[in-house]
Amino acid sequence: MQIEPLSAFDEDAARLLSLCVRDGKRELKEYLENPAAELFCVKKERVCAILILIFGGDTADIADIAVCGNMRRQGVGTALLSYAADLCKSRGISRLMLEVRASNKAAISLYERAGFEKIATRRRYYSNPAEDAAVFWRNL
Ligand SMILES: CC(C)(COP(=O)(O)OP(=O)(O)OC[C@H]1O[C@@H](n2cnc3c(N)ncnc32)[C@H](O)[C@@H]1OP(=O)(O)O)[C@@H](O)C(=O)NCCC(=O)NCCS
């Protein structure tokens, strides 16, 4: 599996991002213009998985990760997290963090399997629908 930078707007990437945020198109355009954000994808003819990292100081935030439906449970999400960890380590970053909807069992299992630890709950962090966020981190 090849993980590569995503440097231009892509409809499939926007659709995948819509699994994480309300307006995937708008959010993708904003990330592409954000100098602190780096976007990565897996392509099999089309973009079938995305990873968005936000860098700041000695911590990087996993802003979004999504894998298309027919490629799930094949280790793609795990490979993206491992790629993120290796990239951050190579840049001297000591910690990866993320927030996730408290009800997102698939993502929480993925993060726990990848060595992330829950450190906090942010009450009603999300809207539409309102929901707590679980905050996870992993030391690198
Ligand atoms: C969360 C997501 C990225 C996982 O991607 P994935 O490629 O399927 O993950 P992996 O195949 O690497 O799974 C690794 C482990 O995570 C856990 N896991 C993944 N999906 C799961 C599910 N639906 N239910 C329970 N556990 C799950 C399992 O322990 C799995 O290992 P196993 O398959 O050996 O049992 C994917 O389900 C997705 O894109 N969801 C929609 C977008 C989203 O919610 N993103 C997170 C918030 S931005």
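Rule-based calculations on the coordinates, nothing more; no lab input. Owing to the predicted nature of the structure, the values given are computational and were not obtained by experimental measurement. Note that each Cβ is placed from the backbone with ideal geometry, even for glycine, and that neighbours are counted across all protein chains shown.
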What ratio of Cα Rg to 2.2 N^0.38 Å holds for the chain?
-> 0.99
Under a straight-distance cross-link criterion of Cα-Cα below 16 Å, which aspartates and glutamates are reachable from Lys29, leaving out those fewer than 8 residues away in the same chain?
-> Asp10, Glu11, Asp12, Glu38, Asp64
Could you name the lysines in cross-link range of Lys105, using Cα to Cα under 22 Å and dropping any fewer than eight places away on the same chain?
-> Lys118
By Cβ neighbour count within 10 Å, fewest first, Val21, Val42 rank Val21, Val42
Let a ≥ b ≥ c be the square roots of the eigenvalues of the Cα gyration tensor of segment 26-87; is it rounded (a/c under 1.5), or, if not, prolate (a/b larger than b/c) or oblate?
-> oblate
Anything in the chain that counts as a DSSP H helix reaching 30 Å or more along its axis (C-alpha) with Kyte-Doolittle mean of at least 0.5? List them, would you?
-> none
Where Lys and Arg each count +1 and Asp and Glu each count -1, what net charge lies around Glu99 among other residues with Cβ under 13 Å from its Cβ?
-> +1
